[in-house]
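First comes the structure, then the notes that go with it.
The values are calculated or read from the model by the stated rules, or taken from the named source; none is laboratory data. Small disclaimer: the values here were computed from a predicted structure and weren't measured. Positions of Cβ are generated from backbone atoms using ideal geometry, with glycine treated the same way; all protein chains shown enter the neighbour counts. Note: areas computed on protein heavy atoms with side chains; ligands, DNA, RNA excluded. Shrake-Rupley method; radii C 1.70, N 1.55, O 1.52, S 1.80 Å.
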Amino acid sequence: MLKAVILIGGPQKGTRFRPLSFEVPKPLFPVAGVPMIQHHIEACAQVPGMQEILLIGFYQPDEPLTRFLEAAQQEFNLPVRYLQEFAPLGTGGGLYHFRDQILAGGPEAFFVLNADVCSDFPLSAMLAAHRHQPHPFLLLGTTANRTQSLNYGCIVENPQTHEVLHYVEKPSTFVSDIINCGVYLFSPEALKPLRDVFQRNQKDGQLEDSSGLWRGAGTIRLEQDVFSALAGQGQIYVYLTDGIWSQIKSAGSALYASRLYLGQYQLTHPERLTKHSPGGPRIRGNVYIHPTAKVAPSAVLGPNVSIGEGVTVGEGVRLRESIVLHGATLQEHTCVLHSIVGWGSTVGRWARVEGTPNDPNPNDPRAHMDSESLFKDGKLLPAITILGCRVRIPAEVLILNSIVLPHKELSRSFTNQIIL
């Protein structure tokens, strides 16, 4: 028997995802046509012996989240439950706080997945490795170049046994080109070191972390409090993957993740990809179109485009490397490149909405990482363009490398600006 836990965080963790996280919890933001965490749930549901999937976070259980959970249970025929933390407890605190629910029924092991990662989730392969050589902690790892590795948790492994000998979260100097993917397989014994951290925190009282914030005894950071402390003690091992992987910290990284997932659909969900058909729009590369969307036959879509429910795409529209969300309208001959068009927004005739790609590829030394600032010398750095909810763009204007907050009605062109 197996279980899975998906760590979905909470509203204060989605600040880099604004203005998109104003309208929907970040874990429910559509990536390649489905909510972000549906990719995780699909992967967990395919593992033989999976009995229950638990979501842990500190979002309020509002209507969108409740509706998603009900739909997921019906689609995958598995219990999918949400456990709400009483306060932000870090990446490990929720696991310890809800340990009784996780261990109920006596699972052999349980997966732990961070919600804000994109991956092909090789969970069955991780399970096979764990069963071949059982240990409390198995981490999924991948490679990054020397420059980008500094933005992630870095793993030094024994190349023969794959034991984790050393672990450093976001080091200041190069440690290893193997990075933590935020996907784990834990045995029940893995909760004992979390108990030790909790008891030590209780003894020490409240603790001040590196950001200067005070955190309670229930706050446990898997990376710093557990992985770094236990590395080299024969308890933590790494399973290396060469599959797709990226973090989803910002809107720009969501666009990159959408590209990876759309490419993965060729193998996993070819039915989700739109094919070119007589009388239909011209399709280039991987494109997802919701069945309720209305797309004019003269539109040209792709590569890497996702069109949501109830979207209207007019004649002569050009869409590339973009996400168009529920209810948006692209009027005739608009051009949308490297952008996200928000829910219910309208882009007028012959308008151009364009951004600059900033793919957070861990193997691209020039990639702009999500941890970096949006500004330099007081100016907004080039990035994808984001139109918030119900934005209206008039005809024949240019919106370039800009972020437009919700409910704005523009009257002119903007470049490299945040429009409040």
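Taken over segment 343-357, the criterion of being open to solvent by 10 Å² or more (accessible area, probe 1.4 Å) and more than 23 Å from TYR256 (Cα to Cα) is satisfied by THR346, ARG349, TRP350.
This table checks each residue for (1) open to solvent by 20 Å² or more (accessible area, probe 1.4 Å); (2) under 17 Å from MET126 (Cα atoms); (3) at pLDDT below 95; (4) not hydroxyl-bearing (Ser, Thr, Tyr).
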residue	(1), (2), (3), (4)
ILE6	no, yes, no, yes
LYS13	yes, no, yes, yes
LEU20	no, no, yes, yes
VAL31	no, no, no, yes
MET36	no, no, no, yes
CYS44	no, yes, no, yes
PRO48	yes, yes, no, yes
GLU52	yes, no, no, yes
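Scanning segment 122-132 for residues that are surrounded by fewer than 19 Cβ atoms within 10 Å (Cβ to Cβ) and farther than 23 Å from ASP177 by Cβ yields SER124, ALA128, ARG131, HIS132.
Conditions (1) of a type in the set (A, V, I, L, M, F, W, C); (2) out of contact with any Cys (no Cβ under 8 Å at 6 or more places or on another chain); (3) without any contact (Cβ under 8 Å) to a residue 60 or more places away in the chain, marked per residue:
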position: GLN233; (1), (2), (3): no, yes, yes
position: ILE248; (1), (2), (3): yes, no, no
position: LEU260; (1), (2), (3): yes, no, no
position: GLY280; (1), (2), (3): no, yes, yes
position: HIS290; (1), (2), (3): no, yes, no
position: ALA293; (1), (2), (3): yes, yes, yes
position: PRO297; (1), (2), (3): no, yes, yes
position: LEU301; (1), (2), (3): yes, yes, yes
position: GLY316; (1), (2), (3): no, yes, yes
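Being of a type in the set (A, V, I, L, M), surrounded by fewer than 20 Cβ atoms within 10 Å (Cβ to Cβ), under 22 Å from the mean Cα position of the chain (by Cα) and within 30 Å of VAL24 (Cα to Cα) holds for only one residue in ILE244, ILE289, and it is ILE244.
Would you confirm, using the coordinates I've provided, whether VAL164 is open to solvent by less than 10 Å² (accessible area, probe 1.4 Å), under 30 Å from PRO35 (Cα atoms), β-branched (Val, Ile, Thr) and modelled with pLDDT of 95 or more? Spelling it out, it is not the case that VAL164 is open to solvent by less than 10 Å² (accessible area, probe 1.4 Å), under 30 Å from PRO35 (Cα atoms), β-branched (Val, Ile, Thr) and modelled with pLDDT of 95 or more. The set of residues in segment 315-342 being on the phi < 0 side of the Ramachandran plot and surrounded by fewer than 23 Cβ atoms within 10 Å (Cβ to Cβ) consists of GLU315, ARG318, ARG320, HIS326, THR329, GLN331, GLU332, CYS335, LEU337.
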